[in-house]
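Here is the structure we will look at.
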Amino acid sequence: MKPADPARLSLNTITTKKWTLAQAIEGCARHGIRGITVWRDRLQEMGVSAAVQSIKAHGLAVTGLCRGGMFPAPDAVGRKAAIDDNLRAIEEAQALGASCLILVVGGLPAGSKDIAGAREQVRDGIAAILPHAKAAKVPLAIEPLHPMQAADRACINTLGQALDVCDLLDPGKTGALGVAVDVYHVWWDPQLEAQIARAGKARLLAHHICDWLVPTKDLAFDRGMMGDGIIDLPRIRALVEGAGYAGYSEVEIFSEPDWWQRDPDQVLRIMKERYATCC
């Protein structure tokens, strides 16, 4: 298995939560990390124009914008508000030159127990924004989340489910709609290898890495640094690259008890080391 390419390492800015976007951009450049994925709250704090200028000045590639999605809502007003927000996200991703807009699709509407209905709302929401995304040339990357987050964050929970939506809404595999393979959410899936192969180059839009700790103190906010847990990271990277993915490996670590408490420069140093040795 070939070693991880250091030129294909990207920072998801949630990993260095203490930093502003400006600090994260400068930190990536300082540490020789060539890719960055931006969260929209930090982007709005900095301003889109200032962020675009700084990212360009520091020679970084924008490997994604987090996040769109969150489509299900109890009523038509809420569903329209979600679609309008996603249209704004597409415009922000276009301005940044982001390689994709990550879609965390949303869970059950408040008071609902109808997961099938929530999934239908997700399909309708993506269908509503897909023409705008195509016109802006911003690929949409559906990110399936672990089933533990089906109720509150994402009712699309496997790559197979995400790819079914892709095949329904973009049967021609135009490159406008695909998936984000986040190892934290999909490592357990017995169909992982087959579904990555099914996705292929046309559908594989993002590869997110971290690790699953045993024991895990918090199922949402206790992700591990690569090498600290039980995910076979080299195998999954080999699968996505073998299926045609040639983009960045993006480190996305939600870690309230550990990595969010550390000096972000230390986080980036360790992140680079672990990418070279554990991925």
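Annotated for the chain: lysine pairs at least 8 residues apart or interchain, Cα distance under 26 Å, count 21. Of the complete DSSP H runs in the chain, those spanning 24 angstrom or more by Cα along the long axis with a mean Kyte-Doolittle score not below 0.0 are 115-136.
Among DSSP beta bridges whose residues both lie in segment 6-278, state the antiparallel percentage, nearest 5. Approximately 5 percent, going by the DSSP bridge assignments.
Computing FRET efficiency as 1/(1 + (r/R0)^6) for residue 58 and residue 137, where r is the C-beta to C-beta distance and R0 is 25 Å, gives about 0.60.
Each Lys or Arg adds one and each Asp or Glu subtracts one; over the other residues with Cβ under 14 Å from the Cβ of residue 243, this totals +4. Take each peptide in 72-83, 6-17, count the other Cβ atoms within 10 Å of every residue, and average; sorted highest first, the result is 6-17, 72-83. Seen from residue 108, the other residues with C-beta closer than 13 Å to its C-beta sum to a net charge of 0, counting Lys and Arg as +1 and Asp and Glu as -1. With the crude spin-label approximation of a point 7 Å out along Cα→Cβ, what separation in nm comes out for residue 85 versus residue 110? Modelled inter-label distance: 1.2 nm. Rg/Rh for the chain stands at 0.94; both radii use Cα atoms, and Rh follows the Kirkwood definition.
If R0 is 41 Å, the Cβ-Cβ spacing of residue 50 and residue 219 corresponds to a FRET efficiency of close to 0.70. For segment 228-243, the residues whose backbone nitrogen is under 19 Å from a point 7 Å from the Cα of residue 197, taken along Cα to Cβ, are 234-243. The mean sequence separation of alpha-carbon pairs under 8 Å and at least six residues apart, normalised by the residue count of segment 6-278, gives a relative contact order of 19 percent.
Scanning residues 5 or more positions from residue 154 or on other chains, those with amide H under 5 Å from its amide H are 106, 107, with H placed 1.01 Å from N in the peptide plane.
I need to check one value: relative contact order of segment 189-279, counting alpha carbon pairs closer than 8 Å and at least 6 residues apart, in percent.
Working: 109 pairs, mean separation 31.9, N = 91.
Answer for segment 189-279 is 35 percent.
Compute the signed sum of charges (Lys and Arg +1, Asp and Glu -1) over the other residues within less than 10 Å, Cβ to Cβ, of residue 217.
On the way: positive: none; negative: 218, 222, 256, 258.
Local charge sum for residue 217: -4.
No lab work stands behind these numbers, since they all come straight from the coordinates. All of these numbers come straight from a predicted model, not from anything done at the bench. Positions of Cβ are generated from backbone atoms using ideal geometry, with glycine treated the same way; all protein chains shown enter the neighbour counts.
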